Each structure stands twice: as C-alpha cells, then as structure tokens.
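The values are calculated or read from the model by the stated rules, or taken from the named source; none is laboratory data. Only a predicted model underlies this, so the values are computations on that prediction, with no experimental measurement involved. Note that each Cβ is placed from the backbone with ideal geometry, even for glycine, and that neighbours are counted across all protein chains shown. Surface areas here come from the heavy atoms of the whole protein model, side chains and all, with no ligands, DNA or RNA. Shrake-Rupley method; radii C 1.70, N 1.55, O 1.52, S 1.80 Å.
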Amino acid sequence: MPQLTFDAVRTAVAERLYLEPEELSDTADLFDEGMDSVTVVDLIEQWREHGAEISFAELAEKPTLRAWWDVLRPAGG
C-alpha cells in the first residue's frame, strides 16, 4: 500500500477545489477555498485506504493543508 505524502495530499485537495497544487497555500482555510463536508468525507475515505486513521472532526477542527498533514503524516514521516 503506497504511503501518503504531503504532495499527494496537496494534489488530492487541490483537485477537489479545481486548483493546481501550487495554487493551494499550506495555511489557507480550506472551507474558505470551497471545500465542503461531503468532499472532506470523500478524502477521508481515500486516505483511509492508504492506512490513515482520521476522523472528520480532526480535519474540520483545523481546515488547513498544513494541519491536515500533521494529522495524516505517517509515523516517522
């Protein structure tokens, strides 16, 4: 099973927001950028397939790419 990387997470989020990955700031509020709860749930399911153990509440609490990576980062990554 491929490991999640920061670039892969950035790309997945950017695709859902119809942005290029380089257009997505690490600290922008993703809900302000157009993210919605249905899309977050879809991303969670995708990331769980890669071994992530996350909940909607963890991502909704701090909706920035950097904060999401802090939750998603593999141990030792």
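Relative to the Cα centre, the charge distribution of the chain, modelled as +1 at Lys and Arg Cβ and -1 at Asp and Glu Cβ, gives a dipole magnitude of about 280 debye. Counting only Cα atoms, the size of the chain along its three principal axes is 29, 24, 18 Å, in decreasing order.
Helices in the chain, meaning DSSP H runs of at least 4 residues, each add -39500 (n - 2.57). Divided by all residues, the mean residue ellipticity at 222 nm is -13500 deg cm²/dmol. Summed over the residues of the chain and divided among them, the accessible surface reaches 60 Å² per residue at a probe radius of 1.4 Å. Heavy-atom surface analysis with a 1.4 Å probe gives the chain a carbon and sulfur content of 48 percent of its accessible area.
Full extension of the segment from Ala8 to Glu20, taken as 0.36 nm per residue of separation minus the current Cα-Cα distance, would add 3.1 nm.
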